[in-house]
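One structure is given here, and the rest of the page talks about it.
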Amino acid sequence: MSPRELARDQLWEVATTQHGFVTARQATDLEIDKYALQMLVHRGTLMRVAHGVYRFPRYPVGEYDQLMLAVLWTRAPEACLSHETALDLYGISDVNPHQIHVTIGKHRRLRRADGDDYMIHTEDLDPSQIGWAHEIPTVTPRTAIQQCIVGGTQTYLLRQAIERGHAQGRVTTDEREDLTNALEARDAR
């Protein structure tokens, strides 16, 4: 019989795949009760950074922490970075989003007041439309460009995203043609 793993160690395993963050829901899924979570916060092992989201202070601070936090803040398992944030994260456009764009399922409604830095979009995405960028769930470059065409991102930034995405191998030749046609159709309206 092996001894039960410590709550701290179980949460650390999860946090190392999420830029040092862990959610209360993930703790519950690991059968870690609220009292144990509160004790970890009280002892300084965890730090509460948003409602239901905690961070290990000993985990190194990184460039993409705020993006990971945005996804976890939604408490939606399907949440992912999207729109202009995804274009910026992939490095295929010089877009400079003023907010972090996150997409969640259409059936979700967020009623939290602490998300001023986030632009929440609702869309039911197919699993093939979601990938990973810097260990964060992120829509694929093609999906991000499509979202930005619909969302009204400036044409020159989208042309840049299409061409850079293609040059980097993130957008196929067929996708480049489809996206270019969609952008031209939008601009013709």
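Do you know the relative contact order of segment 75-188, to the nearest whole percent, from alpha carbon pairs under 8 angstrom that are 6+ apart? Write down the numbers at each step before the final one.
On the way: 160 pairs, mean separation 30.4, N = 114.
For segment 75-188, the relative contact order is 27 percent.
Computed over the Cα atoms of the chain, what is the convex hull's projected area averaged over all directions, in nm²?
13.1 nm²
Could you tell me which trypsin sites (Lys or Arg not before Pro) in segment 83-135 are loop residues by DSSP with no more than 12 other beta carbons within 10 angstrom of their beta carbon?
Lys106, Arg109, Arg111
Once you put a point 7 Å from the Cα of Asn96 and another 7 Å from the Cα of Val14, both along the Cβ direction, what distance in nm separates them?
Reported label-point gap for Asn96 and Val14 is 3.7 nm.
How much length, in nm to one decimal, is gained on full extension between Leu30 and Gln168, taken as 0.36 nm per residue of separation minus their Cα-Cα distance?
Values: separation 138, 0.36 × 138 = 49.68 nm, distance 3.93 nm.
Residue separation times 0.36 nm, minus the Cα-Cα distance, leaves 45.8 nm.
Using θ = phi - 60° and the Karplus relation 6.51 cos²θ - 1.76 cosθ + 1.60, list the HN-Hα couplings for segment 70-78 in order, rounded to whole Hz, with x at every Gly or Pro.
Per-residue couplings from phi come out as 4, 5, 5, 4, 5, 6, 9, x, 8 Hz.
In whole Hz, with x marking every Gly and Pro, tabulate ³J(HN,Hα) for segment 83-92 from phi via Karplus 6.51 cos²θ - 1.76 cosθ + 1.60, θ = phi - 60°.
Those phi angles translate into 6, 5, 4, 5, 4, 5, 5, 6, x, 9 Hz.
Extending each Cα 7 Å along its Cβ direction at Glu123 and Asp187, get the distance between those two points in nm, one decimal.
The two pseudo-label positions are separated by 2.0 nm.
Return the long-range amide H neighbours of Val49 (sequence gap of 5 or more, or a different chain), with a cut-off of under 5 Å between placed amide H atoms.
The list, which skips near neighbours in sequence, is Tyr54, Arg55.
Taking a label point 7 Å from the Cα of Gln154 along the Cα→Cβ vector, which residues of segment 97-141 have an amide N closer than 20 Å to it?
Once the point is set 7 Å along Cα→Cβ of Gln154, 97-101 turn out to lie under 20 Å by backbone N, inside segment 97-141.
Once you treat every alpha carbon in segment 85-189 as an equal point and sum by Debye, what is log10 I(q)/I(0) at q = 0.25 Å⁻¹?
-1.51
Quick query: amide H of Tyr118 versus all other amide H atoms, modeled in the peptide plane; which residues come in under 5 Å with a sequence gap of 5 or more or a different chain?
Here Ile100 satisfy the definition.
Which ³J(HN,Hα) values in Hz, rounded to whole numbers, follow from the phi angles of segment 141-150 under the Karplus curve 6.51 cos²θ - 1.76 cosθ + 1.60, where θ = phi - 60° and Gly and Pro get x?
x, 4, 5, 4, 5, 4, 4, 6, 4, 5
If you wrap a convex hull around the Cα atoms of segment 7-55, how much volume per residue is inside, in Å³?
Per residue, the Cα convex hull of segment 7-55 comes to 62 Å³.
Suppose only helical runs count, i.e. DSSP H with n ≥ 4. What mean residue ellipticity at 222 nm does that imply for the chain under -39500 (n - 2.57) per run, divided by all residues and rounded to the nearest 500 deg cm²/dmol? Write down the numbers at each step before the final one.
Numbers: 8 runs with 81 residues, N = 189.
Computed ellipticity for the chain at 222 nm equals -12500 deg cm²/dmol.
Let me know the longest stretch in the chain that avoids all GluC sites (Glu not before Pro) found in a DSSP loop with at most 12 other C-beta atoms within 10 Å. Working shown, then result.
Details: sites that count: Glu5, Glu31, Glu63.
No qualifying site falls inside 64-189, the longest such stretch.
Every number in this text was worked out from the coordinates using simple rules, so none of it is lab data. Predicted model only: the values in this text are computed from it and were never measured. Using ideal geometry, Cβ is built from the backbone for each residue, glycine included, and neighbour counts are taken over all protein chains shown.
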